[in-house]
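Quick notes on the structure that follows.
The values are calculated or read from the model by the stated rules, or taken from the named source; none is laboratory data. Every value quoted in this text rests on a predicted model; they were computed, and no experiment measured them. Quick reminder, even Gly has a Cβ in these numbers, built from the backbone with ideal geometry, and neighbours come from all protein chains shown. These accessible areas exclude ligands, DNA and RNA; they are computed on the full protein's heavy atoms, side chains included. Shrake-Rupley method; radii C 1.70, N 1.55, O 1.52, S 1.80 Å.
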Amino acid sequence: MTDDRPGDRTRPRRERERGRNRERERERERSIPTDRESPVGAPVIRGDESVTGSHAREAVQFDPDDPDSLQTAAETVQQFATGTAGSEDNLYMLRGAAACAALVRGEGSYKAAAERASKTQDGSESDDDAVSVSFIRKWARVHDLPQSVRRQVALGHIAPTAAKHIARVGGEARLLLAWATLDGTLTVREVRHVASAVNDGTPIDRALADQDVTLGRLEVTLPPSIYRDLRRQAANESTSPDTLVAEALDAFLD
């Protein structure tokens, strides 16, 4: 007995592919990390020679469960907050962010971390050296960004001050804002506006559009032979090169 009801076999191939692509996209969204996966305080990026070169050997790990390491983190945070630690490059800021995150984990709260970092060597607290809860929170969040984003900060492609605003956004929008920052060459002020809009409930694509950035727009340079074949295939299938590239990448990244 045959089943004459319409099913997947009667649907156009591209429609079936789109359905599978949407399902793969949903699965990928559930699996892609939007938060840090490595241990708090570990110099995953700062200790990577492919990113930081010879500086990797100088990377400091802050262990929130070790009293001596926690004290080092507190001193690092105070120096970071008061600008007394020397050079203010991207690696310096990532180290400060790591110290903030480790101090929060070790002390148990942002407030306790700020109080610990505000104490001088003799244990007293100085107004001149006071570290705010807001400062601790902002930089600890940077340390909690996924490795893919922190790597761009270390390489200088995303400014640490922009990363602070990216870190304010949660979920998939966090990654989308990070990549839009790169592809749309957003300024720190524009990143801040987008982050605030998203946290106020504006969809990420609309918040980016308000800054004249189209979410998902990426300029790609192809070898002439691949460009030729891509255009030919798109013309033969009466579709756009964007659609073919998206489908090919979706299958590759699955």
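Observations on the model:
- Top-ranked residue in the range 229-249 [being part of a helix (DSSP H, G or I), farther than 26 Å from residue 185 by Cβ and among the acidic types (Asp, Glu); ranked as nearest to the chain's Cα centre (by Cα)]: 247
- Sole residue being at pLDDT 65 or above, basic (Lys, Arg), under 18 Å from the mean Cα position of the chain (by Cα) and open to solvent by 70 Å² or more (accessible area, probe 1.4 Å), chosen from 95, 105: 95
- Among the residues of the range 144-163, those identified as under 10 Å from the mean Cα position of the chain (by Cα), closer than 16 Å to residue 191 by Cα and free of Cβ contacts under 8 Å to residues at least 60 places away in the same chain are 149, 152, 158, 163.
- Selection within the range 165-179: residues that are in a helix (DSSP H, G or I) and open to solvent by 50 Å² or more (accessible area, probe 1.4 Å). The member of this set that is farthest from residue 201 (Cα to Cα) is 179.
- Residue within the range 172-185 that is free of Cβ contacts under 8 Å to residues at least 24 places away in the same chain and among the polar types (S, T, N, Q) present: yes
- Flag: residue 241 matches the condition of being touching a Leu at 6+ places or on another chain (Cβ under 6 Å) and either hydroxyl-bearing (Ser, Thr, Tyr) or free of Cβ contacts under 8 Å to residues at least 24 places away in the same chain (or both).
- Selection within the range 217-228 - surrounded by 13 or more Cβ atoms within 10 Å (Cβ to Cβ) and either outside any loop (DSSP other than H, G, I, E, B) or modelled with pLDDT under 95 (or both): 227
- In the range 131-141, the qualifying residues are those that are open to solvent by less than 60 Å² (accessible area, probe 1.4 Å) and closer than 19 Å to residue 70 by Cβ, and the one that is modelled with the lowest pLDDT is 131.
- Tabulated pairs, the range 200-228, first under 10 Å from residue 184 (Cα atoms), second open to solvent by 70 Å² or more (accessible area, probe 1.4 Å), C-beta under 6 angstrom, 6+ apart or interchain: 215/205; 218/183
- Residues being open to solvent by 50 Å² or more (accessible area, probe 1.4 Å) and in a helix (DSSP H, G or I) - total across the range 149-164: 2
- Matching residues in the range 205-239 - criterion: being of a type in the set (S, T, N, Q) and within 23 Å of residue 176 (Cα to Cα): 211, 214, 221
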